[in-house]
1. Read through the labelled values (1) 1.06; (2) 1.38; (3) 0.94 and report the label of the one computed as Cα Rg over 2.2 N^0.38 Å from the structure.
2. If you plug each phi of segment 80-85 into the Karplus form 6.51 cos²θ - 1.76 cosθ + 1.60 with θ = phi - 60°, what whole-Hz ³J(HN,Hα) values come out, in order, with x for Gly and Pro?
3. In debye, nearest 20: dipole of the chain around its Cα centre with unit charges on the Cβ of K, R (+) and D, E (-)?
4. Just want the ordering: VAL52, VAL74, VAL8, from fewest to most Cβ atoms lying within 10 Å of their own Cβ.
5. Which of the lysines could be linked to LYS118 by a straight reach, that is with a Cα gap under 25 Å, when you skip same-chain ones fewer than 8 residues away?
6. Hey, can you grab everything whose amide H is under 5 Å from the amide H of ALA49? Only 5+ residues off in sequence or another chain; H modelled, so Pro and N-termini drop out.
7. Report the net charge of residues surrounding LEU109, where surrounding means a beta-carbon distance below 9 angstrom and charges are Lys +1, Arg +1, Asp -1, Glu -1.
8. Could you tell me the center-to-center distance, by alpha carbons, between segment 1-73 and segment 156-175 in angstrom?
Amino acid sequence: MAVKKLDVKEQRFLLALARKSIEYYLKNGKQMVLDPKDVPSKRLIEDGACFVTLYKNGGLRGCIGTLEAHRPLVMDVIDNAVCSAFGDPRFPEMRGDELPLVKISISFLTPPEKFPVKDEKDLLSRLDPKKHGLIIQKGYARATFLPVVWEELPDKTEFLRHLCMKAGLNPDEWKDTRSMKFFVYEAQEFGEE
């Protein structure tokens, strides 16, 4: 499941692309179009999934992403950057004067894999903090936490409780492992300095 790592040049290109996408949307009110000739690496035009996270003054300012690859990675970055700045329902649309205060981070994801567990004890023993991103699903309720969230919620039980609440479920619903589906993925995280 390991992430095919993006090199430093590819990381820098994607971070700059995310920032340019937000700047372009602020000026023009629409998404920028990228010429494939301007992409420095073939890997970046292959299908890829990512999350773009915006931080302002050390706090979350927006985070939108894609769990499964279905379009070129560069297009995923452009769309998720714009959606993080202007479409995250937890925050108002970004203003132009905020952008200089924002730091951008990108999480490049591996495809999610089913994570069957026998019971809550099995889930707790096999879940790998800082390595695993986790998706939970019960009926129509679904939510994910990226691996970076382990930094804020290092306790496995608290991680699972908060993830359930994010999905709109009872905090201890994760213990009902027979009716809950679990998926794990990994991410390569990189951000602006």
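Computed from the coordinates by the stated procedures, all read-outs in this text should not be read as laboratory data. Computed from a predicted model, the values in this text were never measured in an experiment. Glycine also receives a Cβ, built like all others from the backbone with ideal geometry; neighbour counts cover every protein chain displayed.
1. Calculated Cα Rg over 2.2 N^0.38 Å: the matching label is (1).
2. 5, 5, 5, 5, 5, 7
3. Computed charge dipole of the chain: roughly 200 debye.
4. Arranged by neighbour count, lowest to highest, VAL52, VAL74, VAL8 become VAL8, VAL74, VAL52.
5. Excluding near neighbours in sequence, the set is LYS130, LYS131, LYS138, LYS156, LYS166, LYS175, LYS181.
6. Here the answer is ALA69, LEU109, since their amide H atoms fall under 5 Å of that of ALA49.
7. -2
8. Cα centroid to Cα centroid, the span is 29 Å.
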